[in-house]
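Working notes, structure below.
The values are calculated or read from the model by the stated rules, or taken from the named source; none is laboratory data. In this text the structure is predicted, and so the values were computed from the model without any measurement. To get the accessible areas, we keep the full protein, side chains included, count just its heavy atoms, and leave off ligands, DNA and RNA. Shrake-Rupley method; radii C 1.70, N 1.55, O 1.52, S 1.80 Å.
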Amino acid sequence: MPILFLTLLLLFLALFPGAFNCCTKISAEIPKGILRRVERFEIQRVDGLCHLEAVILYIERRKFCVSPRIRKLKKWMKKNKHKIPRKKTHGRVQRRIKILKNKEKKQ
């Protein structure tokens, strides 16, 4: 019996990978400095898996579900045209990336 349950669970996860990523609650407000720290975002639409329209903001490995009807958010998305402000990387990190890219080109 446990093997059957586990098999059905794995089958469900394979068929519906986004089923557990849906926002179930949304915030109607966004704190002042939150939009400056957004690393990426997704728009959650109402469909077969998700039953709530939301914008998912990813900030420092956490996700925040907010209403897409917030004026401040709409204005920010329109201004940035779905572009996320890039974080400035530390100089050492930039040099390390450059070295790695050069090594890849040589190979």
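For Q44, the residues whose amide H sits under 5 Å from its own are A54, V55, I56, ignoring neighbours fewer than 5 places away on the same chain, with H placed 1.01 Å from N.
The aspartates and glutamates within cross-link reach of K75, meaning a Cα-to-Cα straight distance under 18 Å and a gap of 8 or more places when in the same chain, are E29, E39, E42, E53.
Ordered from highest to lowest accessible area with the whole protein assembly present and a 1.4 Å probe, M77, M1 read as M1, M77. Please tell me which of these pairs span more than 23 angstrom C-alpha to C-alpha: K25/K63; K25/K74; K79/K101; K78/K98; K63/K98? Checking Cα-Cα distances, K79/K101; K78/K98; K63/K98 exceed 23 Å.
Each residue of segment 24-34 was assigned a 3J(HN,Hα) from its phi angle through the Karplus expression (A = 6.51, B = -1.76, C = 1.60, θ = phi - 60°), giving 9, 9, 10, 8, 8, 10, 10, x, 3, x, 5 Hz with x at Gly and Pro.
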